[in-house]
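Provided herewith is a single structure, encoded as structure tokens, for subsequent inquiry.
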Amino acid sequence: MANNSDKIKKLQKQNQENQRNYTKKREAEEAKAKAAIHKLVEKVDRDPNNYHHYYDLATFLVEAKDYEQAEELLMKALGLFDKSSQDVKDTLRFGLGNVYYAAEEYDKAIKIFQEINDKKLQAESYIMLAQSYMAKGDNKRAMVFALSAQSARHDDPDVNQMIGDNLLALGNFAQAAGFYDIVLKAEPENGKANFNRGLVAMVNGEDFEKYFAKAKQSDPDYFNKGQQKLKDIEKVIQINKDKKQK
């Protein structure tokens, strides 16, 4: 009994130490973030006519999950730079769209990204529109914007993976394979792309084990989370087999 009591005390002591270390780490991170925000605010105050400072500060606020302040800042900046060139206003709009996307306000994000006309930001806007529609579960609309982004970034692995993911969600397995192959040519260790390529290979009757092995090695978390997808694909394959037998 005494031995168990000692073990419990030791465990409690360790837990308290872990909690103190976690608190110290969190406080250090918060202090670092506050210092960075303070510096960015000073930049805005020193040079209020430089739109980059507003964008940079808003980006940092998004990273700190302070979406309300980031939105307020960029709305203010859009008012201040209302007479500026298209690229300035669209950069600030792009930042505002990112705020809404990060805050999971996808309809607001879509509206903002659709207003961007600057050619330098068009591909990025298409990507964000595709991601916003994917987050809403609207894969058909997401596909439209993902393909538009790909016309400017043909070999971009992120864009091609997004197209593959939408095709997979829509059940277009044969087409999805080609886009995942483009991704894996550029990023052979990409765990998510390997896993989803494995799913596609199962349906298409290809060798799939090599893809799953690579996915498990490269991204074990995604591999474990994807087991439900794997079960769903196995059901689809079984249903198709039963239909053929009938």
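If a residue has to be over 20 Å from D158 (Cα atoms) and either of a type in the set (K, R) or surrounded by fewer than 17 Cβ atoms within 10 Å (Cβ to Cβ) (or both) to count, how many in the range 106-136 make the cut?
Result for the range 106-136: 6.
Kindly indicate which of Q114, Q86 is over 18 Å from the mean Cα position of the chain (by Cα), modelled with pLDDT under 95, not basic (K, R) and not assigned by TED's automatic domain parsing to the domain that holds A201. Talk me through it step by step, then tell me what you get.
Details: Q114 fails: modelled with pLDDT under 95.
Just one listed residue meets the conditions, Q86.
Over 18 Å from the mean Cα position of the chain (by Cα), assigned to a helix (DSSP H, G or I) and buried (at least 17 other Cβ atoms within 10 Å of the Cβ): does that describe A213? Walk me through how you get there before you give the answer.
Numbers: over 18 Å from the mean Cα position of the chain (by Cα): yes; assigned to a helix (DSSP H, G or I): yes; buried (at least 17 other Cβ atoms within 10 Å of the Cβ): no.
For A213, the condition - over 18 Å from the mean Cα position of the chain (by Cα), assigned to a helix (DSSP H, G or I) and buried (at least 17 other Cβ atoms within 10 Å of the Cβ) - is not met.
The values are calculated or read from the model by the stated rules, or taken from the named source; none is laboratory data. Predicted, not measured: the structure shown is a model, and the values here were computed from it. Reconstructed Cβ throughout: ideal geometry from the backbone, glycine too, with neighbour counts over all protein chains shown.
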